[in-house]
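Single-structure report; data block below.
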Amino acid sequence: MTKVTVLGAGAAGLAVAAQLKAAGVDCAVLERGPGVATSWRGRVVGPGNSGAEIATDLAEGGAASVSLAIRTPPHIIRRETAGWPAQMNGILLSRLPERLFNTMAAAAARAEMPDLRPYGIDRPSEGLKTRLRTSRYVPLQDVGIVRDIMAGRVRPVAAVQAFTETSVLLADGTTAQPDAVIAATGYGTGLRDLFDDPSLIDETGVPLVHGGAAARPGLYFMGYDVTLGGMLRQAAIEARRVARTIRKHTA
């Protein structure tokens, strides 16, 4: 019986493992356990979904001071409106031309979200769909960060420029002395460290062939498509494709 190894126990890895199991294919999931850091006085670097939710959790958990370091102003959307999830808008509108999508997204943001410029967060200068295409960026879904910023529980500050032994240096020339710094700055794929073949991966570290087809015989990549329809949904779609392909070649 053919055995399949899945590297990574994130959403994509677990999804494809479940599909393989359902298809009767034996597989093993390999993962390197992460660490967790918390503090009463913290600085969170990166205003993405992870950084914003960590900042909100710390603020609501009673942290004495929470700052959110921002280099690029985020696109902020409501997670849902009157029970309608933002993910559905991404699915329904994703095929619109980029310029039209950007215009509609900006108008919706002005109508739905408070103006956070008085609190230190500028409006994005680059359109939402443009940033998705050029930077693999998804918007920040608000689960409390806007409320906490306006209430003063989370304070936006300038981007982190450097560190000393005791301080954090910010891009505006100010300094801070937090008890802990949480870097929620995104991640790279790390694939260049695993594969010697440069023809597998593009200049951003993303596999050139992924999401269903085999990049090489017996080698599949999935979970690298960043979509406005939701990463978990996309991972489930790709997991079914990969499982069908593997099942076909191992039957």
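The values are calculated or read from the model by the stated rules, or taken from the named source; none is laboratory data. Note that this is a predicted model, so its numbers are computed, not measured. Reconstructed Cβ throughout: ideal geometry from the backbone, glycine too, with neighbour counts over all protein chains shown. Just the protein is used for accessible areas: all its heavy atoms, side chains included, with ligands, DNA and RNA removed. Shrake-Rupley method; radii C 1.70, N 1.55, O 1.52, S 1.80 Å.
Some notes on this structure:
- Size of charge dipole - the chain - debye, nearest 20, with Cβ of Lys, Arg +1 and Asp, Glu -1, no other charges: 800
- The stretch 192-215 residues near the modelled H249 label - backbone nitrogen below 18 Å, point 7 Å along Cα→Cβ: 195-197, 199-201, 207-215
- In a DSSP loop and with at most 12 other Cβ atoms within 10 Å, the trypsin sites (Lys or Arg not before Pro) in the stretch 56-138 are R95.
- The coefficient of translational diffusion for the stretch 54-101, derived via Stokes-Einstein from the alpha carbon Kirkwood radius under 20 °C and 1.002 mPa s, stands at 154 µm²/s.
- Relative contact order, percent, the chain [alpha-carbon distance under 8 Å, six or more residues apart]: 25
- Checking every one of the GluC sites (Glu not before Pro) in the stretch 70-120 against DSSP loop status and a limit of 13 other Cβ atoms within 10 Å picks out no site at all.
- Across every pair of non-identical alpha carbons in the stretch 164-251, the mean reciprocal distance, once inverted, gives a Kirkwood radius of 16.3 Å.
- Calculated mean residue ellipticity at 222 nm for the chain: -10000 deg cm²/dmol, from DSSP H runs with n ≥ 4 weighted as -39500 (n - 2.57), summed, divided by the residue count and rounded to 500.
- Estimated at 0.36 nm per residue, the fully extended path between A236 and L194 surpasses their Cα-Cα distance by 12.7 nm.
- Normalised by 2.2 N^0.38 Å, with N the number of residues, the alpha-carbon radius of gyration of the chain equals 1.14.
- Surface per residue (accessible, 1.4 Å probe) for the chain, Å²: 59
- One chain, two ends: A159 and R71. Fully extended at 0.36 nm per residue, the span grows by 31.2 nm beyond their Cα-Cα distance.
- Farthest positive-ward along the stretch 96-242 dipole, Cα basis, beta-carbon charges - from A105, A159, S125: A105
- Here the stretch 43-153 exposes an accessible surface that is 52 percent carbon and sulfur, computed with a 1.4 Å probe and the other protein chains kept in place.
- Placing +1 on the Cβ of every Lys and Arg and -1 on the Cβ of every Asp and Glu, with nothing else charged, gives the stretch 148-251 a dipole about its Cα centre of roughly 820 debye.
- Distance in nm between pseudo-label sites at D202 and A18 (7 Å out along the Cβ direction from Cα): 2.8
- Using the Cβ-Cβ distance between D122 and T174 with R0 = 22 Å, the FRET efficiency computed as 1/(1 + (r/R0)^6) comes to roughly 0.80.
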